[in-house]
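Student: Sending over a structure as structure tokens; questions will come in a sec.
The values are calculated or read from the model by the stated rules, or taken from the named source; none is laboratory data. Quantities reported herein were computed from a predicted structural model and do not represent experimental measurements. Neighbour counts are summed over all protein chains in view; Cβ atoms, including those assigned to glycine, are modelled from backbone coordinates with ideal geometry.
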Amino acid sequence: MSDVTVGDELPPLRVHITRADLVRYAGASLDFNPIHWNERLAEEVGLPGVIAHGMLTMALAGRLVTDWLDDPGALVTYGVRFTRPVVVPNDADGALVELSGKVKEIREDGTARVDITARFDGKTVLSKAVAVVRLPS
Amino acid sequence: MALDPAYVGHAYPRSETYEVGRQKIREFAEAIGDPNPLFRDPVAATAAGYADVIAPPTFATIMFGRYAMASIIEDAQLGLDYSRLVHGDMTFDYVRPVLAGDRLVVTTHIAEIMQRAGNDFLTVRSDIDTEDGTRVVTAYAQLVIRGDA
């Protein structure tokens with residue numbers, strides 16, 4: 001990624017999230033909120049079903065950027081807004097999340113701004129998903 | 001059940017030390033399905049110029065949940081209804097990546113409280129520092145507490 005130009009697209013990433021992935025992420029992240037593994041409790045609070053941890057979607061979108069970077073430590077700022085839930089059905093395929101990103105701006109301080117899009121079921125699930133990365137000098 | 005705006009500026013006591021382990025980083029990387037060798041192989045991490053394996057960018061969510069969220073939820077005076085809580089946004093500012101072997105402490109502040117359309121919005125900032133006070137990551141989160149309507 002030595003010659004980064006505004007408009008460059010990051011290699012896209014498609015990830016299937018299953019219920020088993022949610023259980024594993026709950027354990028690794030220590031986020032045991034039952035809306036991420038218990039259908040009954042998720043529906044009781046008005047959700048359409050078990051939903052993925054927003055932070056898991058954020059992690060997948062982060063991987064889109066760190067896969068593109070030679071050095072994941074070149075990330076300076078990374079932020080997202082959670083706008084729609086990723087509903088994960090109780091089947092083998094789970095939910096398909098599609099991630100893409102584009103270089104939006106190259107700054108004089110040697111950093112670049114990457115805008116990320118995360119889609120599930122034809123709709124975006126993150127907004128203001130932005131990573132600022134340090135470019136190799 | 002509006003949150004009290006006088007809480008803005010409130011800081012919670014600094015957390016215990018969270019010692020970052022190689023195996024915890026590996027477990028987290030596996031849970032997000034990320035095969036990057038810098039998250040699991042000390043030789044690859046050293047070759048890339050790091051003292052040890054580095055953590056994926058969102059690894060700090062573990063410390064945010066364990067200390068910041070716990071402080072807020074257990075704060076009876078703040079009176080936040082956990083069952084109505086939704087994560088609105090999350091931002092991390094990195095000075096450097098979190099490394100295996102880091103001994104980190106978390107200090108959490110209430111940065112903003114506002115009401116809109118019957119919902120409460122609480123913005124929290126957590127400073128994640130080494131024990132000697134050197135900043136590693138700052139985490140900002142907006143939490144939405146849905147109203148009755």
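Student: Among what's in segment B:25-41 and is surrounded by fewer than 17 Cβ atoms within 10 Å (Cβ to Cβ) and either more than 17 Å from A:Gly73 (Cα to Cα) or among the β-branched types (Val, Ile, Thr) (or both), pick the residue that is farthest from the other protein chains (Cβ to nearest Cβ).
Tutor: At the first step, the residues of segment B:25-41 found to be surrounded by fewer than 17 Cβ atoms within 10 Å (Cβ to Cβ) are B:27, B:30, B:35, B:37, B:41.
Still in the list and also either more than 17 Å from A:Gly73 (Cα to Cα) or among the β-branched types (Val, Ile, Thr) (or both): B:27, B:30.
Working: B:Glu27: 5, B:Glu30: 7 Å.
My answer is B:Glu30.
Student: Give all pairs with beta carbons closer than 9 Å in which a residue from segment B:111-133 that is crowded, with 18+ Cβ neighbours inside 10 Å meets a residue that is part of a loop (DSSP other than H, G, I, E, B) and of a type in the set (Val, Ile, Thr); count only pairs at least 6 apart in sequence or on separate chains.
Tutor: Listed by first residue and then by second, the contacts come to B:Ile113/B:Val8; B:Ile128/B:Val98.
Student: List every residue pair whose Cβ atoms lie under 9 Å apart, where the two residues are 6 or more positions apart in sequence or sit on different chains, the first residue falls within segment A:71-85 and is in contact (Cβ under 8 Å) with a residue 12 or more places away in the chain, and the second residue, located anywhere, is among the acidic types (Asp, Glu) and in a loop (DSSP other than H, G, I, E, B).
Tutor: A:Arg84/A:Asp121
Student: What number of residues within segment B:8-23 are part of a helix (DSSP H, G or I) and crowded, with 17+ Cβ neighbours inside 10 Å? Give the derivation first.
Tutor: Let us first name the residues in segment B:8-23 that are part of a helix (DSSP H, G or I), namely B:22-23.
Cutting the leftovers down to crowded, with 17+ Cβ neighbours inside 10 Å gives us B:22.
The total comes to 1.
Student: Here are A:Leu60, A:Leu64, A:Leu30: which of them is within 9 Å of another protein chain (Cβ to nearest Cβ), touching a strand residue (DSSP E or B) at 6+ places or on another chain (Cβ under 8 Å) and within 19 Å of B:Ile25 (Cα to Cα)?
Tutor: A:Leu60
Student: Identify all residues within segment B:43-60 that are assigned to a helix (DSSP H, G or I) and either aromatic (Phe, Trp, Tyr) or surrounded by 17 or more Cβ atoms within 10 Å (Cβ to Cβ) (or both); write none if there are none. Spell out the reasoning first.
Tutor: Going through segment B:43-60, the residues assigned to a helix (DSSP H, G or I) turn out to be B:43-47, B:57-60.
Selection gives B:Ala45, B:Pro57, B:Thr58, B:Phe59, B:Ala60.
Table: residues versus (1) within 15 Å of the chain's Cα centre (by Cα); (2) without any contact (Cβ under 8 Å) to a residue 12 or more places away in the chain; (3) surrounded by 15 or more Cβ atoms within 10 Å (Cβ to Cβ); (4) more than 15 Å from A:Met58 (Cα to Cα).
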{"site": "A:Asn90", "(1), (2), (3), (4)": "no, no, no, yes"}
{"site": "A:Leu96", "(1), (2), (3), (4)": "yes, no, no, no"}
{"site": "A:Asp109", "(1), (2), (3), (4)": "no, yes, no, yes"}
{"site": "A:Ala112", "(1), (2), (3), (4)": "no, no, yes, yes"}
{"site": "A:Phe120", "(1), (2), (3), (4)": "yes, no, yes, no"}
{"site": "A:Lys128", "(1), (2), (3), (4)": "yes, no, no, no"}
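Student: Let me ask another. Pull up segment B:79-110, narrow it to residues that are more than 14 Å from chain A (Cβ to nearest Cβ) and modelled with pLDDT of 90 or more, then point me to the one that is farthest from B:Ile25 (Cα to Cα). Outline the logic, then answer.
Tutor: Going residue by residue through segment B:79-110, those that are more than 14 Å from chain A (Cβ to nearest Cβ) are B:79-80, B:101, B:103-105, B:107-110.
Remaining after also requiring modelled with pLDDT of 90 or more: B:101, B:103-105, B:107-110.
Values: B:Gly101: 11, B:Arg103: 14, B:Leu104: 14, B:Val105: 17, B:Thr107: 22, B:Thr108: 23, B:His109: 26, B:Ile110: 28 Å.
Among those that are more than 14 Å from chain A (Cβ to nearest Cβ) and modelled with pLDDT of 90 or more, it is B:Ile110.
Student: Still on this structure, please answer the following. Output the number of residues of segment A:3-48 satisfying the condition of being surrounded by fewer than 20 Cβ atoms within 10 Å (Cβ to Cβ), among the acidic types (Asp, Glu) and closer than 26 Å to A:Val130 by Cα.
Tutor: Number of matching residues: 3.
Student: Go through segment B:27-42 residue by residue and tally those that are outside any helix (DSSP H, G or I), in contact with a helix residue (DSSP H, G or I) (Cβ under 6 Å, 6 or more places away or on another chain) and closer than 16 Å to A:Tyr25 by Cβ.
Tutor: Summing the residues that are outside any helix (DSSP H, G or I), in contact with a helix residue (DSSP H, G or I) (Cβ under 6 Å, 6 or more places away or on another chain) and closer than 16 Å to A:Tyr25 by Cβ in segment B:27-42 gives 2.
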